[in-house]
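Since the structure comes first, as structure tokens, the remarks are kept for the end.
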Amino acid sequence: MNRLSGETSPYLLQHADNPVDWWPWSEAALAQARSQDRPILLSVGYSACHWCHVMAHESFEDAQVAAVMNRLFINIKVDREERPDIDQIYQLAQQMLSRRGGGWPLTMFLTPEGVPFYGGTYFAKAPRFGMPGFADVCERVAETWRTQREGVVQQSAAVVDALQRSLAASAQKPAALTSKAVEEALFLLERSFDARHGGFGKAPKFPHPPDLQLLLREAASQRPETADRSRDSARHALLHTLRQMARGGLFDHLGGGFARYSTDERWEIPHFEKMLHDNGLLLGLYAEALALTGGEPCEPLFRQVVEDTAGWLMREMQSPQGGYYASLDADSDGEEGRFYVWSRQEVEHLLPPGQFAVVAPHYGLDEAPNFEGRHWHLRIARDLEDVAHAQALPVATARQHLDSARARLLGQRDTRTRPGRDDKLLASWNALAIAGMARAAVICRRDDWLQSAQRAMDCVQDTLWPADRLLATSRDGRAHLNAYLDDHAFLIEACLQLLQTQWRPRDLAFACRLAEALLEHFQAEDGGFWFTRDDHEQLIVLSRSGHDGAMPSGNGVAAQALTRLGHLVGEPRYLDAARRTLAYFSPAIVTHPGGFSSLLLAQEDQLRPPTVVVLRGPARAWQQGLQAQCRPDTLVVLLPDDAGALPDALAKPVPASPQAWVCHGDACLPPVDSLEGILRAIGSAARAV
């Protein structure tokens, strides 16, 4: 009996017709395993995952393989996007057991109590490369459970102990917070920086937005003690990486948005799935890079990326209710990348000769195919200026040809079978997209982007916040599952970005209520925040991690958001919670600063409290002038005359002419009445640290 048909996850619904007797993760499934004394086969994936689809078609849709699974195990299917708590625990367990990297699909074998004892990722149906087929793996695992149970139980206990030590750092004496950890983290990034192609390390290559955000903070630093070499090095690594990602095939040059990661070191051929969280983070980063590089040669490229990605989010990923959908698949018509790649003949047939003469060298169609030896995936192979020069064309004419060709190719591509879309609403992923859209909106002065972000935030509040409790996910009007640390922390940060773009009392109230929920239901006694709420179901271990992964660390973002919100509204409890979080993780940060970029950003706000600029009166021009600059350590809010009741820290009088109050830490300077005066006051605050 397959029990997935009543779920909200599109990924689980994809498996609702499998001959496997799937259960969703639930107490009922675990109770069934215990009552029958049968091990559990746990399969974790997500709807945009290519190899998840492959394993499903090969094994889970096969009646013979399903019969083996049904005979031997209680089979549980989990969407890792809805249940990151489960995915986090068992991914790490798989890595400990196999001593290899994790990934999806994740295939774990558990005791009836849910404790892992064997696992892997993708298992082929048939024997391959000396490895048994999946049905044989199932038989061997079940035989081990029957004949060697005592050893399995002992090993499982050791795994749980190791998991607890890894997911919740042992209590140690806090280390002193200094800039040394940031310097060491920047040095590690510099050492792994790919000077040719940008990014860090070798293939497969991921963007790592938290690390890029740390580089941005250093590149934009106005602190006198920041060495020019450090600032210049961070700036180069950041901009070169962003430039190379934007030129490569990781970016969709027709429809906008970024794929999950690059399979090669050149950013040329991606794994084609598009995830909301990646694009929200990268949209904000490219918008900040625009502010950092205004007038530099790379600005037009960055502006194109921002405009196309924001357009893609609104066109393809925003629901009628306002929230943003989760992801697009890598596959269509059963083939990865089929929606995105081209034959040269198809492009040549679609475009007039003048347009093709520009497009072919610009996107690499005059070179050998770069996808599976027979197709072309578009990337910027030659700069448009070089193409125009080679053809004796004015650059403006070449640009017109390129823009017309892009529109024509996008129109043709839209007639193809589209990749599947996971249309659930996730609180944390929406928060990242809202924050990115809000930052892009204020830098590029796009009211339509701001309205998109506000609609998404309103949808989150209306859908996922019933009775003063945040839920994690919603689809087709059904919201459920306890929200996690990431959901709360990322949404506070999104509220702060929206408040700096256009003040809405509703967003401030939501941010404060989320902060109160963090302090009441997630805060650990000795510092930091648990990943799950205090009334969450009991799992085999509790997680309190500070490391960044595909997304920023929830503890890092919570510490930074609470620091900023605390200074904005004058709430010392938020500041204290952030300090205690950093104190708890400080021994790990000092010992191994790599991978802690989000917490290091929060540490920077502890060492040098953010500057808060409060504007009142007709000061819109001041707000735009300040926010067009890249100042990651400054919050700028323009309070409308009808802002209503405000916290004491913000309760400034309404003047007849524009006025600004510049506050740093607990001290506010006298009000100033010019943009130049504001800039001088901000500079004075930075030098005073």
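The values are calculated or read from the model by the stated rules, or taken from the named source; none is laboratory data. Small disclaimer: the values here were computed from a predicted structure and weren't measured. Note: ideal-geometry Cβ built from the backbone for every residue, glycine included; neighbour counts use all protein chains shown. Note: accessible area is taken over every heavy atom of the protein model, side chains too, but ligands, DNA and RNA are not part of it. Shrake-Rupley method; radii C 1.70, N 1.55, O 1.52, S 1.80 Å.
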| List pairs: first in segment 163-192 and within 30 Å of Ile540 (Cβ to Cβ), second among the charged types (D, E, K, R) and open to solvent by less than 40 Å² (accessible area, probe 1.4 Å), Cβ under 9 Å, 6+ apart or cross-chain? | Leu167/Arg544; Ala168/Arg544; Ala169/Arg544
| task | Go through segment 526-536 and count every residue that is open to solvent by 40 Å² or more (accessible area, probe 1.4 Å) and under 21 Å from the mean Cα position of the chain (by Cα). | result | 1
| query | Within segment 518-525, is there a residue that is at pLDDT 95 or above, out of contact with any strand residue (DSSP E or B) (no Cβ under 8 Å at 6 or more places or on another chain) and buried (at least 20 other Cβ atoms within 10 Å of the Cβ)? | reply | yes
| query | When you scan segment 638-672, how many residues do you find that are under 13 Å from Gly617 (Cβ atoms) and surrounded by 14 or more Cβ atoms within 10 Å (Cβ to Cβ)? | reply | 11
| said: of a type in the set (A, V, I, L, M) and more than 28 Å from Ala440 (Cβ to Cβ): is that true of Val636 in this structure? | reply: no
| Is there any pair with a first residue in segment 46-69 that is closer than 12 Å to Phe123 by Cβ and in contact (Cβ under 8 Å) with a residue 24 or more places away in the chain and a second that is surrounded by fewer than 23 Cβ atoms within 10 Å (Cβ to Cβ) and among the charged types (D, E, K, R) whose Cβ atoms are under 6 Å apart and which are 6 or more apart or on different chains, and what are they? | Glu58/Lys125; Ser59/Lys125
| field | Residue selected from segment 488-507 under the condition closer than 11 Å to Ile434 by Cα and open to solvent by 10 Å² or more (accessible area, probe 1.4 Å), by the criterion farthest from the chain's Cα centre (by Cα) | value | Gln497
| said: If a residue must be free of Cβ contacts under 8 Å to residues at least 12 places away in the same chain and over 34 Å from the mean Cα position of the chain (by Cα), how many such residues does segment 646-675 contain? | reply: 5
| note | Inside segment 375-402, the number of residues satisfying the requirement of being surrounded by fewer than 16 Cβ atoms within 10 Å (Cβ to Cβ) and part of a helix (DSSP H, G or I) is 8
| task | Restrict the check to segment 409-416 and report whether at least one residue is of a type in the set (A, V, I, L, M, F, W, C) and either crowded, with 24+ Cβ neighbours inside 10 Å or in contact with an Asp or Glu (Cβ under 8 Å, 6 or more places away or on another chain) (or both). | result | no
| query | Which pairs do you get when a residue that is within 17 Å of Ser586 (Cα to Cα) and basic (Lys, Arg), found in segment 533-558, comes within reach of a residue that is assigned to a loop (DSSP other than H, G, I, E, B) and open to solvent by 40 Å² or more (accessible area, probe 1.4 Å), reach meaning Cβ atoms under 9 angstrom, with the pair 6+ apart or on two chains? | reply | Arg544/Trp530
